[in-house]
Amino acid sequence: MRRGRLIVVSGPSGAGKSTLIREALEAVPELAYSVSATTRRPREGEVDGRDYVFLSREEFEKWIQEGRFLEWAEYSGNLYGTPEQRVDELLRSGQSVILEIELQGARLVRKNRPDAVMVFVRAPSLEETRKRLRGRATEDEETLEARMSTAVQEVAARDEFDREVVNGDREQAREDMMRTMRDIIEGGAEDDKRA
Ligand code: 5GP
């Protein structure tokens, strides 16, 4: 069986990555999602094991020691990481796997897994990002500002990515995301040059 592709989706928080990924997962059966571990507290409605594996800092550090992460990073005061074993099981079974991770983690994956395809998702502007973060209202003002300044740095990194999806018009972005995913799975020429 053909091995699946490792797909990193990154970009500023508030760009709408999660929604686009959810839609792509529903529409493209060859795609699977890698559930990350985090030390952040669950938000309203989040389910342990589905949205994240929620760990204490102590547990997370133990996982690091045990070498269980493909990558991990600290973001806004919390630790986030991709458990490696599940990703490799899925890839071996022929599924392509989406990692929704922030920039430091994305860079580590690019370094350790040169065959990974890097997809950057962003809002049309930083103003739009701020509006969306505010609209989500799960963050207090201080956290929002910290996330905004990270967003500014992240937008500057878009050149490091193979593909970009701009989330302006919802329907258009949904189409773009799906086309991008199908293209990657089918091994578009642009992606194979790096493999
Ligand atoms: P949130 O707290 O909003 O769910 O996620 C914050 C940031 O952490 C987002 O940019 C998200 O993509 C990133 N993130 C989620 N899981 C992982 C992971 O396993 N590794 C890394 N490096 N970042 C992650």
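Some points to look at:
- Rounded, prolate or oblate (a/c below 1.5 giving rounded, otherwise prolate when a/b exceeds b/c) for region 30-92 by Cα gyration tensor: oblate
- Theoretical FRET efficiency, 1/(1+(r/R0)^6), r = Cβ-Cβ of ARG179 and GLN104, R0 25 Å, to 0.05: 0.35
- Placing a label point 7 Å from the Cα of GLN172 along the Cα-to-Cβ direction, the residues of region 1-44 whose backbone N falls under 18 Å from that point are 15-17, 20.
- Counting all C-alpha pairs of region 81-195, share separated by more than 22 Å (%): 42 percent
- Fraction in percent of alpha-carbon pairs per bin - 10 Å, the chain: 9, 36, 40, 15, 1
- Proxy reagent accessibility, fewest Cβ within 10 Å first, across TRP63, TRP72: TRP63, TRP72
- Legend: ranking of residues GLU46, GLU141, GLU154 from fewest to most surrounding C-beta atoms inside 10 Å; resulting order GLU141, GLU46, GLU154.
- Gained length - LEU126 relative to ALA27, 0.36 nm times residue gap less alpha-carbon distance: 32.8 nm
- For the chain, calculated [θ]222 nm from helices alone, where every DSSP H run of n ≥ 4 adds -39500 (n - 2.57): -13000 deg cm²/dmol
- Sequence-distant residues sharing a close amide H with LEU79 (under 5 Å, placed H): THR39, ARG40
Each value in this text was obtained by applying a stated rule to the coordinates, not by laboratory testing. This structure is a prediction, so every number in the text was calculated from the model and none was measured. Neighbour counts run over all protein chains shown; Cβ positions are idealised from the backbone, glycine included.
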